[in-house]
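This report concerns only the one structure given below.
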Amino acid sequence: MALYAELGGFDAILAVCRRWHELCVADPVAEHPFTHCGLHPQHTERLAAYFAEVTGGPALYTGGYGDESYVQRIHAGNGEHVNLDEACLRLFDRALADCGIPREPAARLSTYFREATEAMRAYGASAALVPDRLPLRMA
């Protein structure tokens, strides 16, 4: 069974993304990119589409938004921000729990998100460093 199904499908993933957004906005460390950086108005839906696709669900992200290079570029050029990353990852785990995602699939998605977050640090200096046509990193 694909991780996508184990997580509960798109509606469950979207619920996690919405809860994570709420938690981040309320957190003094995690709130900055959510309140001060011109976050896309459909950020939670786009993130849910990304997570759906990388966990084995429908190709919603690449079908509607872009590839991994696009993802990396929109997050690149902001320097290293480990404290922010760690706060956001901690809140993501809380969102998974708050939404009742079963422990094992939640742990797999959490590990994926941590690895993806850490991989983004390679492009902290500039979006120009991101190569073209990177494939999505699958969970």
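Bear in mind that the values in this text are calculations on the coordinates, not laboratory data. Bear in mind that the values here come from a model prediction, so they are computed numbers and not experimental data. Neighbour counts run over all protein chains shown; Cβ positions are idealised from the backbone, glycine included.
Set the Förster distance to 22 Å, then compute FRET efficiency between His81 and Glu115 from the Cβ-Cβ distance, nearest 0.05. The computed FRET efficiency comes out at 0.85.
How large is the charge dipole for the stretch 3-129, taken about the Cα centre, if only the Cβ atoms of Lys, Arg (+1) and Asp, Glu (-1) carry charge, to the nearest 20 debye? Please report the intermediate quantities before stating the final value.
Details: 10 positive and 17 negative charges, 11 e Å.
In debye, rounded to 20, the stretch 3-129 gives about 60.
The Rg/Rh ratio for the stretch 3-129, using Cα coordinates for both the radius of gyration and the Kirkwood hydrodynamic radius, is 0.94.
How much net charge surrounds Leu39 when only other residues with a Cβ under 15 Å from its Cβ are counted (Lys, Arg +1; Asp, Glu -1)? Kindly include the intermediate steps, with their values, before the conclusion.
Numbers: positive: Arg18, Arg46; negative: Glu22, Asp27, Glu31, Glu45.
Cβ neighbours under 15 Å give a net charge of -2.
How much FRET efficiency would the formula 1/(1 + (r/R0)^6) give for Met1 and His43, where r is the Cβ-Cβ distance and R0 is 30 Å, rounded to 0.05? Can you show the working numbers first?
On the way: r = 28 Å, r/R0 = 0.94.
Efficiency at R0 = 30 Å is approximately 0.60.
Legend: ranking of residues Ser126, Ser110 from fewest to most surrounding C-beta atoms inside 10 Å; resulting order Ser126, Ser110. Note on the stretch 70-139 and the stretch 42-66: Cα centroid distance 14 Å, given to the nearest whole angstrom.
Rounded to the nearest 0.05, what FRET efficiency is calculated for Arg108 and Ala128 with R0 set to 25 Å and r the Cβ-Cβ distance? Mind showing how you got there, number by number?
Values: r = 33 Å, r/R0 = 1.31.
E between Arg108 and Ala128, to the nearest 0.05, is 0.15.
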